[in-house]
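To keep things clear, I will list the structure first and then write my remarks on it.
Throughout, read-outs are computed from the coordinates displayed, never taken from laboratory work. Nothing here was measured: the structure is a model prediction, and the numbers come from that model. Don't worry about glycine lacking a Cβ; one is built from the backbone with ideal geometry, like all the others, and counts go over all protein chains shown.
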Amino acid sequence: MPNDTPLSVVTETKEPVMIEMDGVHKWYGQFHVLKDLNLTVTKGERIVICGPSGSGKSTAIRCINRLEEHQQGRIVVDGVELTGDVKHIEQIRREVGMVFQHFNLFPHLTVLENCALAPIWVRKMPRREAEDIAMQYLERVKIPEQAKKYPGQLSGGQQQRVAIARSLCMSPKIMLFDEPTSALDPEMIKEVLDVMVGLAEEGMTMLCVTHEMGFAKTVANRVIFMDGGEIIEENNPHDFFTNPQSERTQLFLSQILHH
Amino acid sequence: MMTHTPHPDLPPPITSVGAVGWLRRNLFSSPLNTALTVLAAYLLYLLLPPIISWAFLNADWVGDDREACNSGGACWVFIRSRFDQFMYGFYPEAQRWRVNIVLGGLAIGMVLLMIRMFPYKNWLGAFMLLGYPILALTLLAGGVFGLETVETSQWGGLTLTLIIAIVGCVASLPLGILLALGRRSEMPIVRAICVVFIEFWRGVPLITVLFMSSVMLPLFLPEGVNFDKLLRALIGVTLFEAAYMAEVIRGGLQAIPKGQYEAAAGLGLGYWRSMGLIILPQALKLVIPGIVNTFIALFKDTTLVIIIGLLDLLNTVHNATTDPNWLGYSIEGYVFAAAVFWIFCFSMSRYSQNLEQRLHTGHRR
């Protein structure tokens, strides 16, 4: 491995550590999904995780806000360790936004209500203030005019942008993206990626599970390749794409880049 | 480069829209359908005229006793002469204004709640759920503020039917929600309690429940402790219906995609807020048909209280048909009872359909 591994980059910049995964293991019944995962993410870092389906990449980021429970190892998010303690879990979830592959907007609430809900009920913000903030973020993702509509009336790309706005309304310190563009029509992928690039430029700490290699090349500080529940390779995007170290990575890249 | 001229929108063919289109599509779309249409029309021709002539054209409407019924049609005089009893049971005549106020207030409250534009909906809703039952009970039972006491054994007729049905519905819904949530809980003890409760109450017939509540329960209670019979029936009906309600609601909870739970959790909403704000509003909306189905079944099951000697609408009618002065007019009595039940059940059904439409937010998946 060359000397400028990501970890050395981390120690050079003196940004605080936001996420630390230390020897994390997870099993679904007998099936060992995550095998000794070690990952440190500092503030403002943008990390893209890729890998074949079933490699555990989604499970890995879902462990960070405890949508999945890990059985061994330590996960510390923003200085709080994830244990069975519900207080800790809710504290972390307040600071970690998540965007899902299938948007998961609340279909019975309008776009505005979707966005204002968590600030009102979790942050105890007055309704009017929460709605003002929601409108600000809806403007940021360029759909303020849809505020009074229901999610079912929007296109996939619009729904995903609402989902991003909904997360941002909680002013999260970390954003997790779980294949945010995989369920979208090709025409709509760009509008979502544009929002994500904008977020990255503002210095948001981001972890993205995605197959958008263009996004990885332009935005990521680090690309992580996972297979079989392990981190196979971890590098800056330039070296990752031009000079992949492991054979498995080379094979994966050749399959997704040359079709 | 070719320029594309969009194809203009054309009107549909005349035979596929309007009344003609509707007839073609629905009644005469195929030879079999045409034959069925003709057959149905013939059956209606056979059945309807005699029914109409019995119930309306040849019926007797005015009079004081059975002498007035001599035209061969239905004898609605019987219903008219017993109407008050069918409505109030044996509630003292001089006190019936109390029942009128209670039921009138209920009707006004419900109509106001159904008006979408009504501004104080939340306050009224809270009053109807919390304040109104106490007021209604006080007014009906009396014994305070100089109101004459009316024993629950004197309550009867449609009044009693409505009391049991409404209390059963209003009390069993929240209990059912809690049981449904409990049955899906991750806490084994809570889950076990809910499963046992639901399976027990679902496994016994309502008649048994009512019978046990009036015959068995006093055996287990210490001497002198005496529950009101109506109260015992209400509790029995509520617990029984709650078990059914729980399973209906559980069906709705299971239909909510996992992503909704995850999105709610991911935003930092705790269990009760996730349920109350995200999951239950969607789940309950999904199972409105099932909930109303249970309500309608409950409404009709109230007639079973005859087993413990309470006289609801049907049983009051039944008693009246055994009156020697009116022997032979039981058909009129039962038709009347059926019509009243039908009106209430059909209204519930229509209201639920209206509610479904109103709550629909264009989400089809």
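Under the criterion of Cα pairs below 8 Å and six or more residues apart, the relative contact order for segment A:26-176 equals 24 percent.
Among the GluC sites (Glu not before Pro) within segment B:89-195, which fall in a DSSP loop and have no more than 16 other Cβ atoms within 10 Å of their own Cβ? Sites meeting the loop and neighbour criteria: B:148, B:151, B:186.
Summarising the amide proton neighbourhood of residue A:98: residues at separation of 5 or more, or on other chains, whose placed amide H is nearer than 5 Å comprise A:176.
The shape of segment A:105-259 comes out prolate: with a ≥ b ≥ c from the C-alpha gyration tensor, a/c is at least 1.5 and a/b beats b/c.
Here chain B has an Rg and Dmax of 26.4, 100 Å, counting Cα atoms alone. Note on B:206, B:311, B:32: ascending count of other Cβ atoms within 10 Å places them as B:32, B:206, B:311, the fewest first.
The percentage of C-alpha pairs in segment B:204-352 whose separation is greater than 23 Å is 57%. Amide H to amide H, with H built 1.01 Å from N, residue A:233 comes under 5 Å of A:225, counting only residues 5 or more places away or on other chains. Across segment B:139-150, computed HN-Hα scalar couplings (Karplus, 6.51 cos²θ - 1.76 cosθ + 1.60, θ = phi - 60°) run 5, 6, 7, x, x, 10, 6, x, 7, 5, 5, 10 Hz from first to last residue, x flagging Gly and Pro. Expressed as a fraction of 2.2 N^0.38 Å, the value expected for a compact globular protein of N residues, the C-alpha radius of gyration of segment B:248-320 is 1.74. If you wrap segment B:208-263 in the convex hull of its Cα atoms and look at it from every side, the mean projected area works out to 5.7 nm².
Inter-part distance, segment B:27-85 to segment A:86-151, computed on C-alpha centroids, equals 59 Å. Averaging the sequence gap over all C-alpha pairs within less than 8 Å and six or more residues apart, then dividing by the number of residues, gives segment A:166-255 a relative contact order of 22 percent. Here the 3J(HN,Hα) profile of segment A:24-29, calculated from phi with Karplus coefficients 6.51, -1.76 and 1.60 at θ = phi - 60°, is 7, 10, 8, 10, 9, x Hz, Gly and Pro shown as x. Averaging the sequence gap over all C-alpha pairs within less than 8 Å and six or more residues apart, then dividing by the number of residues, gives chain B a relative contact order of 17 percent. Pairwise alpha-carbon distances in chain A exceed 25 Å for 44% of all pairs. Multiplying the residue separation of residue B:211 and residue B:58 by 0.36 nm and removing their Cα-Cα distance gives an extension gain of 50.8 nm. Derived scalar couplings between HN and Hα for segment B:22-27 equal 4, 4, 4, 5, 9, 10 Hz in order, rounded to whole Hz, by the Karplus curve 6.51 cos²θ - 1.76 cosθ + 1.60 (θ = phi - 60°), x for Gly and Pro. Calculated over segment B:274-365, the projected area of the Cα convex hull averaged across directions stands at 8.4 nm². Lacking any other cysteine beta-carbon closer than 4.7 Å, the following Cys residues of chain B have no compatible partner: B:169, B:194, B:345.
Considered as an equivalent ellipsoid built on the Cα gyration tensor, segment B:187-231 has semi-axes of 26, 14, 8 Å, the largest given first.
In this structure, residue B:339 and residue B:130 have a Cβ-Cβ separation that, at R0 = 35 Å, corresponds to a calculated FRET efficiency of about 0.55. Volume of the convex hull of the protein assembly as shown (Cα atoms only), normalised per residue: 266 Å³. What is the distance in Å between the Cα centroid of segment B:114-131 and that of segment B:237-289? The distance from the Cα centre of segment B:114-131 to that of segment B:237-289 comes to 23 Å. Remark: mean inter-chain Cβ contacts per residue of B:253-266 equal 5, using a 10 Å Cβ-Cβ cutoff to other protein chain atoms.
Between the alpha-carbon centres of segment A:19-36 and segment A:165-184 there is a gap of 23 Å.
Computed over segment A:18-69, the convex hull of the alpha-carbon atoms projects to a mean area of 3.8 nm². DSSP beta bridges fully contained in the protein assembly as shown are about 50 percent antiparallel. Computed over segment B:75-198, the range of Cα coordinates on each principal axis works out to 59, 39, 38 Å, biggest value leading.
Taking 0.692 mPa s as the viscosity and 37 °C as the temperature, the Stokes-Einstein diffusion coefficient of segment A:1-142 based on its alpha-carbon Kirkwood radius rounds to 188 µm²/s. Based on alpha-carbon atoms, the Kirkwood radius and the radius of gyration of segment B:157-237 give Rg/Rh equal to 1.04. Here's the list of lysines a cross-link from residue A:217 could span, going by alpha-carbon distance under 19 Å and ignoring same-chain residues fewer than 8 apart: A:57, A:190. A dipole drawn for chain A from +1 and -1 charges on Cβ atoms has a positive end, and of A:144, A:226, A:40 the residue lying farthest that way is A:144. Here, segment A:147-198 has an Rg and a Dmax of 11.1, 30 Å when only alpha carbons are counted. Around the amide H of residue B:59, modelled in the peptide plane, lie the amide H atoms of B:74, all under 5 Å away and 5 or more residues distant in sequence or on another chain. Segment residue B:186..residue B:90, full-extension length gain: 29.5 nm, with 0.36 nm per residue of separation and the alpha-carbon distance subtracted.
Taking every DSSP bridge with both residues inside chain A, close to 55 percent are antiparallel.
Compactness of segment A:154-231, taken as the C-alpha radius of gyration over 2.2 N^0.38 Å, stands at 1.10.
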